[in-house]
């Protein structure tokens, strides 16, 4: 199995691949960076890999495992990873609960929730940072505990604490 | 410097000085603290927070808690940083993480840190920091 296709990478990407149906917890005008983040989420919800990649620089660096695994570097590698995920994810519900911007960075808190074609339901609460160069994302860092997704794939149900974390209003 | 970030800096200084009371002074009585969001149940309330801090303190030495980037929105502070310290056994632990702090006025009432406990567990065995962790840590500290 390709390193890009191991379970963790898959789950992380899927996690990163979700949708955000805007709802709301905080009223604030949609900013440029947040609009791009939302466009990425909406593209992934359609499993439109190119629709995600169009928002990234060619030299994108994707730290998608809190330092457990090496980063994915470059658009070509990211395309390979996303295409592999799109094949095994049936539906996703990637959404954000909140965000804040500072200069060329947007900080987000959300959940990568998805269902695999084999039926497993996985939800990974996470926090992340997208760093922009101009209008494009040049570095993407996500932080979470990857063992949670492994446990869900092994059939463990979501605990009440995790349910609480992902039951919050979606950002608007 | 934003108001919330200034408070966090005081918390960091207190923690690095191992002054638990001064850390707790910045927490709300009803704090819900996810010190490893989703991976561990949260600690609820200041009494439980004190116990957790005292437990942490026993095995954390030479603490170099650093924040690389931050942003504020309303009553929330978003941070990206590293919890860097030595265990009593002398092993270096450096866990990259991102977190969100919610404030009630100037007191922290919600705190969620997202980190991979698997990375920490490996480091606690004495394994050297991985190249990917080193990459995440090789950044300037936020002013």
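Filter the stretch B:69-89 down to the residues that are closer than 18 Å to residue B:115 by Cβ and in a strand (DSSP E or B) and list them by number. It would help to see each step written out before you state the result.
Applying the first criterion (closer than 18 Å to residue B:115 by Cβ) to the stretch B:69-89 yields B:69-70, B:77-87.
Answer for the stretch B:69-89, where residues must be closer than 18 Å to residue B:115 by Cβ and in a strand (DSSP E or B): B:69, B:70, B:77, B:78, B:79, B:80, B:81, B:82, B:83, B:84, B:85, B:86.
Among the residues in the stretch B:2-9, are any within 14 Å of another protein chain (Cβ to nearest Cβ) and assigned to a loop (DSSP other than H, G, I, E, B)? Lay out the reasoning, then the answer.
In the first step, residues of the stretch B:2-9 are kept if they are within 14 Å of another protein chain (Cβ to nearest Cβ); the result is B:2-5, B:8.
The next check asks that each one be assigned to a loop (DSSP other than H, G, I, E, B); those that pass are B:2.
Checked against the condition, which is being within 14 Å of another protein chain (Cβ to nearest Cβ) and assigned to a loop (DSSP other than H, G, I, E, B), the stretch B:2-9 yields at least one hit.
Can you pull out every residue in the stretch A:55-73 that is under 11 Å from residue B:130 (Cβ atoms) and at pLDDT 90 or above?
Listed by number, the list holds a single entry, A:70.
Of all residues being within 17 Å of residue A:109 (Cβ to Cβ) and crowded, with 20+ Cβ neighbours inside 10 Å in the stretch B:43-71, which is nearest to the other protein chains (Cβ to nearest Cβ)? Just the residue, please.
Ranking the qualifying residues of the stretch B:43-71, first place goes to B:71.
Quick one: which of B:93, B:32 is closer than 20 Å to residue B:137 by Cβ, more than 9 Å from every other protein chain (Cβ to nearest Cβ) and surrounded by 14 or more Cβ atoms within 10 Å (Cβ to Cβ)? So that I can check it myself, show each step before the final result.
Numbers: B:32 fails: closer than 20 Å to residue B:137 by Cβ.
Every option except B:93 fails the conditions.
Rundown of residues vs (1) touching a residue at least 40 places away in the same chain (Cβ under 8 Å); (2) in a helix (DSSP H, G or I); (3) closer than 18 Å to residue B:33 by Cβ, yes/no style:
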residue: B:67; (1), (2), (3): yes, no, yes
residue: B:94; (1), (2), (3): yes, no, no
residue: B:109; (1), (2), (3): yes, no, yes
residue: B:118; (1), (2), (3): no, yes, no
residue: B:121; (1), (2), (3): no, yes, no
residue: B:142; (1), (2), (3): yes, no, no
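Just checking, how many residues over the stretch A:117-132 are more than 9 Å from every other protein chain (Cβ to nearest Cβ) and either within 19 Å of residue A:172 (Cβ to Cβ) or touching a residue at least 60 places away in the same chain (Cβ under 8 Å) (or both)? Step through it out loud before you land on a result.
Kept after step one, since they are more than 9 Å from every other protein chain (Cβ to nearest Cβ), are these residues of the stretch A:117-132: A:117-122, A:130, A:132.
Subsequent filtering for residues that are either within 19 Å of residue A:172 (Cβ to Cβ) or touching a residue at least 60 places away in the same chain (Cβ under 8 Å) (or both) retains A:122, A:130, A:132.
Total meeting the criteria: 3.
State the number of residues belonging to the stretch A:160-172 that are more than 8 Å from chain B (Cβ to nearest Cβ) and either free of Cβ contacts under 8 Å to residues at least 12 places away in the same chain or part of a strand (DSSP E or B) (or both).
In the first step, residues of the stretch A:160-172 are kept if they are more than 8 Å from chain B (Cβ to nearest Cβ); the result is A:160, A:163-164, A:166-172.
Keeping just the survivors that are either free of Cβ contacts under 8 Å to residues at least 12 places away in the same chain or part of a strand (DSSP E or B) (or both) gives A:160, A:163-164, A:167.
Going through the stretch A:160-172 one residue at a time, the tally reaches 4.
Can you pull out the residues in the stretch B:96-107 that are more than 10 Å from every other protein chain (Cβ to nearest Cβ) and either without any contact (Cβ under 8 Å) to a residue 40 or more places away in the chain or farther than 24 Å from residue B:141 by Cβ (or both)?
Filtering the stretch B:96-107 for residues more than 10 Å from every other protein chain (Cβ to nearest Cβ) gives B:101, B:103-107.
Of everything in the stretch B:96-107, those that are more than 10 Å from every other protein chain (Cβ to nearest Cβ) and either without any contact (Cβ under 8 Å) to a residue 40 or more places away in the chain or farther than 24 Å from residue B:141 by Cβ (or both) turn out to be B:104, B:105, B:107.
The values are calculated or read from the model by the stated rules, or taken from the named source; none is laboratory data. Everything quoted here is computed from the prediction, not taken from an experiment. Because the Cβ atoms are built from the backbone with ideal geometry, glycine has one as well, and the counts that use them run over all protein chains shown.
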